[in-house]
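*Asks:* If you scroll down you'll find the structure; I have some questions about it.
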Amino acid sequence: MQAIKAPIQKITGINIATPKGFYASGIHCGVKHKKLDLGLLYSITPANAAGVYTTNQIQAAPLKVTQNSISQEGKLQAIIVNSGNANACTGKKGLKDAENMQIQTAEKLNIPPHFVGVASTGVIGEHLPMDKISAGIENLVLDSELKGSIDFSQSILTTDTVSKNTAYSLKINNKSITIAGTAKGSGMIHPNMATMLGFITTDAAVQKDDLRDALSYAVERTFNCITVDGDTSTNDMVLMLANGMGENEELDKNHPEWELFLEALVLVCEDLGKLIAKDGEGASKLIEVGVNGAASDKEARIIAKTIVGSPLVKTAVFGCDANWGRILAAAGYSGVSFNPDVVKIKIGEHEVVADGEPVLFSEEKIRNYLKSHEIHISVDLSEGLGTGRAWGCDLTYDYVQINASYRT
């Protein structure tokens, strides 16, 4: 568990509209059968914006529209999101539909179209039911209260079983500021940036180029360190809006409290990433892998993510089997060079490998530990100072059942 610096406080009663000047809403418009499926996030003033997007060569139409919008002034004032349909692999019509979502939202809010970001998630290869979405946009009512944020966080879900929210407060220049986030993701999760969407709001004033760098830094250490099934989606996107209504002196990399802000942002992203991993399709356990003693932090993260993404490790955890050989084998094919003769491995507090060799352990004790809902695996390479963590989930029968009939 990452230590939280004293000036950073986690907020209860969390919601994406907690930072000053933000509003949210979510409704059912008919893309999905019953559940909420259309959401709107809004700042009363244009906000500096940053985005991180899927590395899949196939990028859905909404991502192209949003990237183009941010590229114009580096600002967004609203984000319109639908679930139930990804608007991916939908050709020219799909791009036009995403642009129409943007234009109609801008007209409703009386703001320039390029101040509107667009996001979609759901089934790939089907055109949006634009009649339903257009009617839904007109019916959205912004809300700064908790209900609007809850509705927004639920409107972006697909196979998720729970909504995912977090928020932290801190002081910058003696001004109280807040960073809040909500996300969706349950399957098709292997971010290099999966069908994963994340939205982060803050009332801090942050220089736009440094905001982009801060988000990239946080995503690399959090969202990009989770995996559910090894599939990278066409629609992954994390967007961050900083509207400056906390009235702090504008933050940049040279500001004395920059590191504090960065720490809080990482905590928001880490919370959301772990909630996604824990809610993996059919999952019954959250798995955290920590790697120490690597040549660099980057190499430690690569090994950790390779281990937590191994189907054999995931099934062993599901079956409560202390099969440490699968852990070592996954580290070995990670692409990172290390000396296996000095490796140490623990499952929970139970050492199973020391100096590259098996040690005696109680199968019964580890089996009982592996029945827990949160499993920790630690690997010490004994070669350097690099550390890294990654998060995933076990692979269960339910995962196969959910994805065997996803479209139906």
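*Asks:* Please give the length that would be gained between Glu247 and Ser372 if that part of the chain were fully extended, namely 0.36 nm times their separation in residues minus their C-alpha to C-alpha distance (nm, one decimal).
*Replies:* 40.5 nm
*Asks:* Nearest 0.05, what FRET efficiency do Met130 and Thr315 give at R0 = 41 Å with Cβ-Cβ as r? Please report the intermediate quantities before stating the final value.
*Replies:* Details: r = 42 Å, r/R0 = 1.03.
Taking R0 as 41 Å, the efficiency between Met130 and Thr315 is 0.45.
*Asks:* Output the peptides 267-278, 291-302 sorted from most to least packed, where packing is the average of other Cβ atoms within 10 Å over each peptide's residues.
*Replies:* Taking the mean over residues of other Cβ atoms within 10 Å, the ranking is 267-278, 291-302.
*Asks:* In whole Hz and in residue order, list the ³J(HN,Hα) couplings for segment 384-394 that follow from phi through the Karplus curve 6.51 cos²θ - 1.76 cosθ + 1.60, θ = phi - 60°; x for Gly and Pro.
*Replies:* x, 10, x, 10, x, 9, 8, 10, x, 8, 6
*Asks:* Apply 1/(1 + (r/R0)^6) to the Cβ-Cβ distance of Val141 and Lys93, taking R0 = 51 Å, and write down the FRET efficiency to the nearest 0.05.
*Replies:* So, using R0 = 51 Å, E works out to roughly 0.95.
*Asks:* Follow-up. Work out from phi, with θ = phi - 60° and the Karplus expression 6.51 cos²θ - 1.76 cosθ + 1.60, the ³J(HN,Hα) of each residue of segment 80-94, listed in order in whole Hz, and give x for Gly and Pro.
*Replies:* Per residue, the Karplus-derived 3J(HN,Hα) values read 9, 9, 10, 10, x, 8, 7, 6, 10, 6, 10, x, 5, 5, x Hz.
*Asks:* At 0.36 nm per residue, and after removing the present C-alpha to C-alpha distance, how many nm does the segment from Thr12 to Lys35 gain when stretched out fully?
*Replies:* Roughly 5.7 nm would be gained on extension.
*Asks:* Separation between the Ser284 and Asp209 pseudo-spin-labels, each 7 Å from Cα along Cα→Cβ, expressed in nm?
*Replies:* 5.2
*Asks:* Let me ask something else about it. Which of the pairs Lys278/Lys305; Lys20/Lys171; Lys164/Lys285; Lys164/Lys274; Lys10/Lys253; Lys35/Lys147 have their Cα atoms more than 20 Å apart in this structure?
*Replies:* In this structure, Lys10/Lys253 exceed 20 Å between Cα atoms.
*Asks:* Please list 327-334, 123-130, 239-246 highest first by mean number of surrounding beta-carbon atoms within 10 Å per residue.
*Replies:* Order by mean packing, descending: 239-246, 327-334, 123-130.
*Asks:* Starting with the highest mean, order 43-49, 148-154, 27-33 by the number of other Cβ atoms within 10 Å, averaged over the residues of each peptide.
*Replies:* The packing order, highest mean first, is 148-154, 43-49, 27-33.
*Asks:* Just checking my list [x] 178; [y] 132; [z] 189 against volume of the Cα convex hull per residue in Å³ computed from this structure; which label fits?
*Replies:* Among [x] 178; [y] 132; [z] 189, the one calculated here is [y].
Bear in mind that the values in this text are calculations on the coordinates, not laboratory data. Keep in mind that this is a model prediction, so the values were computed, not measured. Positions of Cβ are generated from backbone atoms using ideal geometry, with glycine treated the same way; all protein chains shown enter the neighbour counts.
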